[in-house]
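Worksheet: one structure, shown below.
The values are calculated or read from the model by the stated rules, or taken from the named source; none is laboratory data. No experiment lies behind these values; they were computed from the predicted model shown. Heads up, the Cβs are rebuilt from the backbone with ideal geometry, glycines too, and the neighbour counts pull from every protein chain shown. Note: accessible area is taken over every heavy atom of the protein model, side chains too, but ligands, DNA and RNA are not part of it. Shrake-Rupley method; radii C 1.70, N 1.55, O 1.52, S 1.80 Å.
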Amino acid sequence: MKKTRAGKQESRVATATASDIQSPSATYVPRRSSRDGVTVFALAVFIAAVCLVLMLCVVVSGKVGFFGIMLSCVAGFVAASCIRIAPEWERVVVLRCGRFNRVVGPGLYFTIPALEYGTIHVDQRVVATPFNAESTLTADLVPVGVDAVLYWVVRDPEKACIEVEDYFVAVSCLAQTALREAIGRSSVAEVALRRDQLDAEIKRDVEKEASNWGVDIVSVKVRDIVIPEELQRVMSLEARADRETSARMAVAGIEADLAEALSDAARIYDNSEVALKLRTMLMQYETVRESGGTVFTVPSAISDGFVDGSTQGVKRG
C-alpha cells in the first residue's frame, strides 16, 4: 500500500509539473543572479562596527554594559547603512529626502543614514521576456496563437525608477499588447509567412512607449505560430495545388523547347542527307555499345542491287 500511494503521489507531481510547463499562461519567474556577496558584505560591516565599538567601551570603561551593547548595535546598523556595494551589472538609484540625487554603482558607494537610501536596484543586462497572444483575430478574422520573446535592457536607471512603477511588468504587458495589434493588422498568410515583418512591427510599437521609461528594445523573435487545424488543411491543399501548377508549367515549357529543337533538327536533316546518315550511324553505334551486338557494313552498291532486284520482281509480278 505504501508503494502504491507513493507511486500515485509521484504521478500526480509529474502531471502537475508537465501541465505547468505546457500551459502557455504559466507565470514566468525570471532567474536572478545571486546577491549573497552584497548581503555578506553588509553583515561583515555590521559585525566590524559592533566589535570596534565594544573594544572602545572596554578601553574607556573597562567593561561592557547594556549601554555599550546598545551603542555598538546602533553603530553597526549605521555603518551597514552607509557603506554598501553593488555588483558589476547593477546600478542603484539613490534618493535624498525623497528626491532623486544620483545613480551609483558598480562597486563601493556611500549613503547618508536616514537621509539617503537606494530606492531601486536596476539590472543592466539583457533581459529575455517571453510573451504570447492566444486566439487573436487576424485582419481576415482567423484566430491564431503566437508565442514570441522580447529582448530588452535598461539604459537609463533614473527613468526606469521615476517614470514607471514596475518597468518589468510594464514592458511585458506592452509587448503583449503590441503583438495583438500587429496580428490584427495582418492576414493569416502574412502572419505565417512574414515573421521578420511581424518582428519589426512589434519592436517598433514597443520602442515608442518603452523609450520614455529608459528601456531599449534589442530585438523581438517570434518562436511559434499556431493556426487552426481546418485552416492548416486548406492551406496545405492550396500549397499543393500551386506546386502542381508550377510543375506542369515547367514541364510544358520543357516540351515546347524540345519540340522547337526537334523541328530545327528535322529541317537540317531534310536538307542534308549526309547529316542524316551520320546520325543514323551514331544511333547504331550507341545501340551496339549498350547491347554488345555486332554491326555488318554492306557496300551501298550491293544494297542498291538488292533493292533494284526486289523492285523489278515486284513490277513483274
Inter-label distance for residue 204 and residue 110, nm, one decimal - labels placed 7 Å from Cα along Cα-to-Cβ: 5.2
Extension gain, residue 36 back to residue 221 (0.36 nm per residue minus Cα-Cα distance, nm): 63.3 nm
Surrounding net charge for residue 175, when Lys and Arg each add one and Asp and Glu each subtract one, Cβ distance under 15 Å: -4
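Calculate the FRET efficiency for residue 140 and residue 236 from the Cβ-Cβ distance with a Förster distance of 30 Å, rounded to the nearest 0.05. Each step should come with its number before you reach the end.
On the way: r = 18 Å, r/R0 = 0.59.
Efficiency computed from Cβ-Cβ geometry: 0.95.
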Residue 61 - accessible surface, heavy atoms, 1.4 Å probe, Å² rounded to 10: 70
Positive-end residue of 81, 126, 151, charge dipole of segment 30-160 with Cβ unit charges: 81
Reciprocal mean inverse distance between Cα atoms of segment 191-260 - Kirkwood radius, Å: 16.2
Environment charge of residue 187, counting only residues whose C-beta is closer than 12 Å and scoring Lys/Arg +1, Asp/Glu -1: 0
Highest-first arrangement of 83-91, 173-181, 39-47, where packing means the average Cβ count within 10 Å: 173-181, 83-91, 39-47
Dipole magnitude of segment 89-134, debye to nearest 20 (Cβ charges: Lys/Arg +1, Asp/Glu -1, about Cα centre): 280
Alpha-carbon centroids, segment 115-158 and segment 209-283: separation in whole Å: 42
